[in-house]
Amino acid sequence: MRTGVIGLGMGLHLADWCRKVGLEVVAACDRDAERRAAARAQLPGVVLAERWEDLLEHRLDGVVLANDFDEHAPLAIAFLDRGVHVLSESAACVDAAEGERLIAAADRSSATYSLAENYVAHPHVRLIRQAIKAGELGRVSLIEADYLHGMSPAEVVGLIGDPAHWRGRIAPTAYCTHTLSPVLALTDAWPVEVSAFSVDKKDPRAAVVMTVRLSTGAMALTRHGFLQGEPDSHWSWLSVRGTKALAESVRAAGERSWSVRVRTEGWATPDGHAREEERTPVPLVLAGKPVARGAEGTVRVLRAFRATMERGGSPLVPVRPAVAASLVGVAGAESLANGSRPVPVPVMTTE
């Protein structure tokens, strides 16, 4: 499958994994000349362009969008209209109108749209999904999901305080897809309403908490940004409380952070005794070797993307859930600007 990559920061990392899962990277693009020069050594034989529009003229089966966080939808629409499959890294859209245009483009295209949401496929998330699907937890009532970075104050200012960096121009609620996408995938729900709160009023952009009411009636509590004590499971921690049991990723260092603790209360067991166990995910193997835990989600996303191109497989995260997760951040920004009042999440056309 002939694949293009746009954006050679994260895109260079994704290009390497594309080749490992059997995708042929034939063209790439970045506005920065130094990035293109650095990519030339890592991507021998790949056509390197300055303008993303140049890749529209290449014969591509698919394109990976890894350009700035808030600039994906226009490119996705352009490639979908050319019949090129799209894998978009980060947010799907910046507002409801853009989300509607993206959905319309995906609906009319002969190609597919996928969100490159590797957190949906992380080992601990998959273990929790298995417990939910098996009925072990009962009806899900509360989900907590973290996407947190433990960084020094100077490093944080260097990101969110720099208007030239996309982290400096987006709302503190915007980068929420790494929590909301797993929440929606685990519950098969849609977000209905959100309230957002700054964690620290003295540093309001550093970290936020959002409460999200889901269409199932459940509540999601998500935390985003820069707080100390980040988990070793790729900055992700997840907890799901059901009506019968709890499943949550283990708060531990190293390999155990990918494991899941499942606790069933005594009243819900046949013998009347509470049960608790720790489950370890089975390693993912690629080319005969185990994949690093933090890269498992990326490999599964790219394998699913390849399957959409080769066999018409279903996207791991298709366009509607991608737009819905992104719009939680948009509604959250409105809530944050208006005293944390609840704000409805825009309703997209759903299937």
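Figures for the structure shown
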item: For segment 276-286, Karplus couplings with θ = phi - 60° (6.51, -1.76, 1.60), whole Hz, Gly/Pro x; result: 9, 8, 10, 10, 10, x, 6, x, 8, 10, 10
item: Relative contact order (%) - criterion: Cα under 8 Å, at least six apart; region: the chain; result: 20
item: Length-normalised contact order for segment 191-304 - Cα pairs under 8 Å, 6+ apart - percent; result: 13
item: Which of A245, V319, V301, positive extreme of dipole for segment 202-342 (C-beta unit charges); result: V319
item: Residue-wise HN-Hα coupling along segment 232-248, computed from phi with Karplus coefficients 6.51, -1.76, 1.60 (Hz; x: Gly, Pro); result: 6, 7, 6, 6, 10, 9, 9, 9, 10, 9, x, 6, 10, 7, 10, 10, 8
item: Theoretical ellipticity at 222 nm over the chain - DSSP helices of four or more residues, -39500 (n - 2.57) apiece, nearest 500; result: -10000 deg cm²/dmol
item: Mean Cβ count within 10 Å, highest first, over the residues of peptides 325-331, 243-249; result: 325-331, 243-249
item: Proximal aspartates and glutamates relative to K289, as straight alpha-carbon distance under 20 Å, when same-chain residues fewer than 8 apart are discounted; result: D16, E255
item: Relative contact order, percent, segment 1-95 [alpha-carbon distance under 8 Å, six or more residues apart]; result: 30
item: Distance from segment 212-274 to segment 20-51 (C-alpha centre basis), Å; result: 40
item: Among V209, Y175, T187 - extreme Cα towards positive end, dipole of segment 169-247, charges at beta-carbon; result: V209
item: Under-5 Å amide H pairs with S88, H placed in peptide plane, nonlocal only; result: L65, S114, L115, A116
item: Efficiency of FRET from Cβ geometry, A33 and R311, R₀ 35 Å, rounded to 0.05; result: 0.35
item: Top of A220, A105, A41 by mean-square fluctuation, Gaussian network on the chain, Cα under 10 Å; result: A41
item: Segment 212-326 - charge dipole about Cα centre, Lys and Arg +1 at Cβ, Asp and Glu -1, debye rounded to 20; result: 360
item: Computed label-point distance, nm, for sites H149 and K289 using a 7 Å Cα→Cβ extension; result: 2.8
item: The chain: antiparallel DSSP beta bridges as a percent of all, rounded to 5; result: 60
item: Förster-model FRET efficiency, 25 Å R0, H273 and R139, C-beta, rounded to 0.05; result: 0.65
item: Cα centroid separation, segment 190-210 to segment 111-189 (Å); result: 14
item: Check: the chain dipole with +1 on Lys, Arg Cβ and -1 on Asp, Glu Cβ, in debye; result: 680
item: Among V120, V199, V64: highest mean-square fluctuation, GNM of the chain, C-alpha pairs under 10 Å; result: V199
item: Karplus-derived HN-Hα couplings along segment 202-216 (A = 6.51, B = -1.76, C = 1.60, θ = phi - 60°), whole Hz, x at Gly and Pro; result: 7, 9, x, 8, 6, 8, 9, 10, 10, 9, 10, 7, 9, 5, 7
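Read-outs throughout are calculated quantities, based only on the coordinates presented, and are distinct from any laboratory measurement. Every value quoted in this text rests on a predicted model; they were computed, and no experiment measured them. Every residue, glycine among them, receives a Cβ derived from its backbone with ideal geometry; neighbour counts consider all protein chains shown.
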